[in-house]
Amino acid sequence: MAGMELLSGPARGRMLEVARRLAAPLDPVVAACTWVPPAGPGVCSSCHAACRPGRDRCYACFVTSGQVIQPAAGVTPISLFRAGDGLWHLLRRYKDGATAAERRRCRRGLSRLLSHFLCVHLACAAPGMGDGWVLTAVPSTRRRRDRFPMERVIRASPWLRRRYRRTLVTGAPPGHNRADDAAFAVIGDVTGLEVVLVDDTYTTGASVQSAASALHRAGARVAGVVVIGRVVNPAIPAEAGLWAEAARRPFRLNRCCHCGAAAAADARAAGKLLGVS
């Protein structure tokens, strides 16, 4: 990676893309990922999960963003996932795997995915960000020995490790699926800091919105929020169509839910995306 950092502009981009195309088919973590749709009819403008027709945001994002003073504007999920699939197992086992070797293997895989994604899509997830940005993680709100599991994922990547700064600790853990301005406390001076906030899983957005609000109120600018997985429940009718369409489409690291919007425009116009005409 140090050699790649010496390159800049188109040459670096081409080199990274060639490496990703060669490695992606062999990477079980990439194989476990599912396409994330761009915002639009039937797709939440904040978290890219399903929302009701005529609504801009899903109910969960609407509620949790209204429970804090300064919520995050939006979230960039790397992948959708459902309970029981490959990414679900990775996101559970990197924290709670039966052995240290299993937890380490899962952390390395998730770190590789996050690193590759941010190499390509940092400008998509955090538009207008300057050169002095830092990466920070949402701490765990559960009682566990390791209160910073995502920090271990980030530190497994050399270039992400250099960008990382711990800015948050858990304060008063919020209620179930409820965002709270007191859920996290900011440590150190973050005034004027441009932050990319990272979390492993997005369900209702309670933890992400609580963390983003804490940073904003302390003087930082949360330039973007990236989550590895956005959970979808196909048993819920509103989410069944989204999951079915997402599962049919190939996942590619060179496309995200923002830069993939143009590619999906024709499908949406033809009524192929989520069955919306």
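The table for this structure:
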| read-out | value |
| --- | --- |
| Protection-proxy order for peptides 218-229, 238-249, each taking the mean of Cβ atoms within 10 Å per residue, highest first | 218-229, 238-249 |
| Order by protection proxy (mean Cβ within 10 Å, highest first), peptides 201-213, 84-96 | 201-213, 84-96 |
| Fraction of accessible area attributable to carbon and sulfur, region 102-227 (%, probe 1.4 Å) | 45 percent |
| Gain in span if fully extended, Arg104 to Ile69, counting 0.36 nm per residue against the direct Cα distance | 8.9 nm |
| Computed E for Arg166/Ala123 - FRET, C-beta separation, R0 25 angstrom, nearest 0.05 | 0.55 |
| Region 32-78 - percent of accessible surface contributed by carbon and sulfur, probe 1.4 Å | 54 percent |
| Å² per residue, accessible surface of region 43-111 at 1.4 Å | 49 Å² |
| Per residue, in Å², the accessible surface of region 159-240 once ligands and nucleic acids are set aside, probe 1.4 Å | 38 Å² |
| Pairwise label distance in nanometres, Ala240 with Arg52, each label 7 Å out on the Cα-Cβ vector | 1.8 nm |
| Computed E for Arg252/Trp88 - FRET, C-beta separation, R0 25 angstrom, nearest 0.05 | 0.75 |
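The values are calculated or read from the model by the stated rules, or taken from the named source; none is laboratory data. A quick note: this is a predicted structure, and the numbers were derived from the prediction, not measured. Virtual Cβ from ideal backbone geometry, glycine too; neighbours counted across all protein chains shown. To get the accessible areas, we keep the full protein, side chains included, count just its heavy atoms, and leave off ligands, DNA and RNA. Shrake-Rupley method; radii C 1.70, N 1.55, O 1.52, S 1.80 Å.
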